[in-house]
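Chemist: Before anything else, here's the structure in question.
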Amino acid sequence: MLLAITDQIDGSENFVTIDENVIQQAEKQYGASARKRLLAWQELMRTHDSDVLNTLKKVNHFFNVIPFVSDATHWGVEDYWATPIEFLASNGGDCEDFATAKYFTLTALGVSEKRLTLTYVKALRLGQTHLVLAYYPAPDEEPLVLDNLVDTIELSSRRTDLLPVYSFNASGLWMAKQRGKGEVVGEGRRIRPWRELLARMRKIFPQK
């Protein structure tokens with residue numbers, strides 16, 4: 001059964017507050033540990049570190065301790081992209097949940113959306129598709145990969161176990177070309193689960 005929680009966060013740069021009613025609902029459904037995880041996330045989004053690499057490491061590690069659970073097992077549906085609140089409160093999710101939670105957290109911390117893309121890859125060792133988050137230090141530079149499979153953040157060229165397929169964010173959709181963003185082919189919102197998640201996330205991070 002899907003989480004019966006209406007996500008709501010009041011936020012401004014470096015100050016994010018999760019509505020207490022949301023925390024209470026999560027605690028009632030998932031226990032005291034759900035409250036702790038949500039408050040820890042709130043605290044993470046209130047911290048500021050001028051070193052972007054440190055920020056990437058903190059966010060990557062924060063979410064990577066959450067157990068991986070398939071949507072079928074966790075939500076009882078074939079494919080469901082959870083909000084970060086659902087992901088943290090329920091203490092489980094799949095690769096899309098890890099990658100999107102990192103994406104939204106980093107943008108809340110002031111990292112430009114232009115530096116971030118969600119990238120579908122083929123995980124060669126697993127023999128299946130997989131979603132990671134890529135961070136570009138500059139538009140033409142090789143991206144760093146944030147992945148729930150490993151806790152270290154590596155340059156994409158070092159992740160020879162991953163074969164890029166396509167990338168997207170709230171602004172665009174790119175077919176993979178070597179290790180860069182590749183050719184622009186449309187809007188990221190064309191991806192239905194991502195579009196639906198963005199709609200739900202507007203309640204969490206209202207557009208300014």
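The values are calculated or read from the model by the stated rules, or taken from the named source; none is laboratory data. Note that the coordinates shown come from a computational prediction; the quantities given were computed from them, not determined experimentally. Backbone-built Cβ (ideal geometry, glycine too); neighbour counts: all protein chains shown.
Chemist: If I ask for residues that are in contact with a strand residue (DSSP E or B) (Cβ under 6 Å, 6 or more places away or on another chain) and of a type in the set (Lys, Arg), which ones from segment 150-165 would you list?
Modeler: Within segment 150-165, 159 is the sole residue that qualifies.
Chemist: Filter segment 28-57 for residues that are buried (at least 16 other Cβ atoms within 10 Å of the Cβ) and closer than 20 Å to residue 144 by Cα and give the result.
Modeler: Within segment 28-57, 52, 55, 56, 57 meet the criteria.
Conditions tested, residue by residue: (1) buried (at least 21 other Cβ atoms within 10 Å of the Cβ); (2) out of contact with any Ser or Thr (no Cβ under 9 Å at 6 or more places or on another chain); (3) not in a loop (DSSP other than H, G, I, E, B).
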residue: 78; (1), (2), (3): no, yes, no
residue: 100; (1), (2), (3): yes, no, yes
residue: 114; (1), (2), (3): no, no, yes
residue: 132; (1), (2), (3): yes, no, yes
residue: 142; (1), (2), (3): no, no, no
residue: 145; (1), (2), (3): yes, no, yes
residue: 163; (1), (2), (3): no, yes, yes
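Chemist: Okay, next question. Here is a check on your reading of the model: is residue 107 under 30 Å from residue 25 (Cα atoms), modelled with pLDDT of 95 or more and assigned to a helix (DSSP H, G or I)?
Modeler: Criteria not met by residue 107.
Chemist: Take segment 119-152 and flag every residue that is within 19 Å of residue 63 (Cα to Cα) and either β-branched (Val, Ile, Thr) or in contact with an Asp or Glu (Cβ under 6 Å, 6 or more places away or on another chain) (or both).
Modeler: 119, 131, 132, 145, 150, 152
Chemist: Which members of segment 23-54 meet the condition of being more than 30 Å from residue 143 (Cβ to Cβ) and touching a Ser or Thr at 6+ places or on another chain (Cβ under 7 Å)?
Modeler: 30
Chemist: Kindly establish whether residue 39 is modelled with pLDDT of 95 or more, farther than 19 Å from residue 133 by Cβ, touching a helix residue (DSSP H, G or I) at 6+ places or on another chain (Cβ under 9 Å) and among the aliphatic types (A, V, I, L, M).
Modeler: yes
Chemist: Taking the condition of being part of a loop (DSSP other than H, G, I, E, B) and either hydroxyl-bearing (Ser, Thr, Tyr) or in contact (Cβ under 8 Å) with a residue 24 or more places away in the chain (or both), how many residues in segment 116-130 meet it?
Modeler: Count: 2.
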